[in-house]
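Notes follow the structure.
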Amino acid sequence: MQALIPAAGRGTRLGSLTDDRPKPLVDIAGQPLIGRILEGIARVGIDEAVIVVGYQRDRLVEALGTQYGGVSLTYVVQKEQLGLAHAHECAADAIDGPFLSINGDNLLPDCALRRMMALRDEMGADVTTLTERVSREEARRTAVLELDEAERVVGLVEKPDDPPSTLVPLGGYTLPPAIFEACRQIEPSNRGEYELPDAIEWLVDRGGAIAVEPFEGTRFNINTPDDLAAAESHVEQLHAE
């Protein structure tokens, strides 16, 4: 299985930290964020990753090269940052078969990556992800799962004004190659971006199966200096143990 890592954005909420580098190269306890992601996917048995680059892409390619931590790297360029679905569509020609998609600003533990991959095989699902419960306020700022009366997942919605639930995916999925057709078929959201949850919902509406499981553990979505500090503190604590 390959991994796809969208890493084209600047990360404006990190302020001056991304003035001269792309967001995935911000330092976490002496190592770039994306380096920690790549080492994580290597530990779960993935040895090939496709990285979608954009802002300061030359810096990212120079820092990582063609291989990092035992993972062979291929780069594709997203010339305009038009959303995660658009980033996935840019990588369509470089992906062969089902793949693990993990955002370039998400630090997930190895157990979460392994579980998403195992869940795909166990459930025979087209799409898998792990979930957590959040407040309704936070649910308005992220992708939210739609549930039926039996609490089964029937779709996703991105940044809803009125969230249909407070169950959210972690920022990583296993996805089938059909996701690329879905990315081509959807319309831009009100934000003017092509949203990955809309593409996943397009698949589900056409019979695609999605399997989810609650996540219990620690993960970090690096958006702000506070997020970065919390992730760094966690990594340093793990190294001290």
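The values are calculated or read from the model by the stated rules, or taken from the named source; none is laboratory data. Only a predicted model underlies this, so the values are computations on that prediction, with no experimental measurement involved. Virtual Cβ from ideal backbone geometry, glycine too; neighbours counted across all protein chains shown.
A few remarks follow.
So that you can scan it fast, the table gives a plain yes or no per residue for (1) surrounded by 20 or more Cβ atoms within 10 Å (Cβ to Cβ); (2) under 23 Å from C90 (Cα atoms); (3) in contact with a strand residue (DSSP E or B) (Cβ under 9 Å, 6 or more places away or on another chain):
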| site | (1), (2), (3) |
| --- | --- |
| S189 | no, yes, yes |
| Y194 | yes, yes, no |
| R206 | no, yes, no |
| F215 | yes, no, yes |
| F220 | yes, no, yes |
| A229 | no, no, no |
| S233 | no, no, no |
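- Considered as a group, the residues in segment 1-21 that are among the charged types (D, E, K, R) and assigned to a loop (DSSP other than H, G, I, E, B) include one that is surrounded by the most Cβ atoms within 10 Å (Cβ to Cβ), and that residue is R21.
- Some residue of segment 217-229 being more than 26 Å from A178 (Cβ to Cβ), assigned to a helix (DSSP H, G or I) and acidic (D, E): yes
- Per-region count, segment 108-127, residues touching a residue at least 60 places away in the same chain (Cβ under 8 Å) and closer than 28 Å to I28 by Cα: 9
- Pick from segment 57-93, criterion part of a helix (DSSP H, G or I), over 19 Å from L33 (Cβ atoms) and in contact (Cβ under 8 Å) with a residue 60 or more places away in the chain, ranking: farthest from the chain's Cα centre (by Cα): A92
- Subset of segment 128-163 (residues that are touching a Ser or Thr at 6+ places or on another chain (Cβ under 6 Å) and without any contact (Cβ under 8 Å) to a residue 24 or more places away in the chain): L147
- Any hit, segment 186-193, residues being within 19 Å of P98 (Cβ to Cβ) and either among the aliphatic types (A, V, I, L, M) or without any contact (Cβ under 8 Å) to a residue 24 or more places away in the chain (or both): no
- Residue within segment 22-34 that is under 21 Å from E193 (Cβ atoms), acidic (D, E) and outside any helix (DSSP H, G or I) present: no
- Residue match in segment 42-51 (condition: in contact (Cβ under 8 Å) with a residue 12 or more places away in the chain, part of a strand (DSSP E or B) and of a type in the set (V, I, T)): yes
- The single condition among (1) out of contact with any Lys or Arg (no Cβ under 8 Å at 6 or more places or on another chain); (2) touching a residue at least 40 places away in the same chain (Cβ under 8 Å) that K23 does not satisfy is (1).
- A single member of P164, P177 is closer than 22 Å to L113 by Cα and modelled with pLDDT of 90 or more, and it is P177.
- Evaluation of T142 against the conditions (1) at pLDDT 95 or above; (2) over 17 Å from E216 (Cβ atoms) shows that the sole unmet condition is (1).
- Condition check for V168: buried (at least 16 other Cβ atoms within 10 Å of the Cβ), under 28 Å from P32 (Cβ atoms) and more than 15 Å from the chain's Cα centre (by Cα): no
- Residue match in segment 112-121 (condition: under 16 Å from A209 (Cα atoms), exposed (fewer than 14 other Cβ atoms within 10 Å of the Cβ) and at pLDDT below 95): yes
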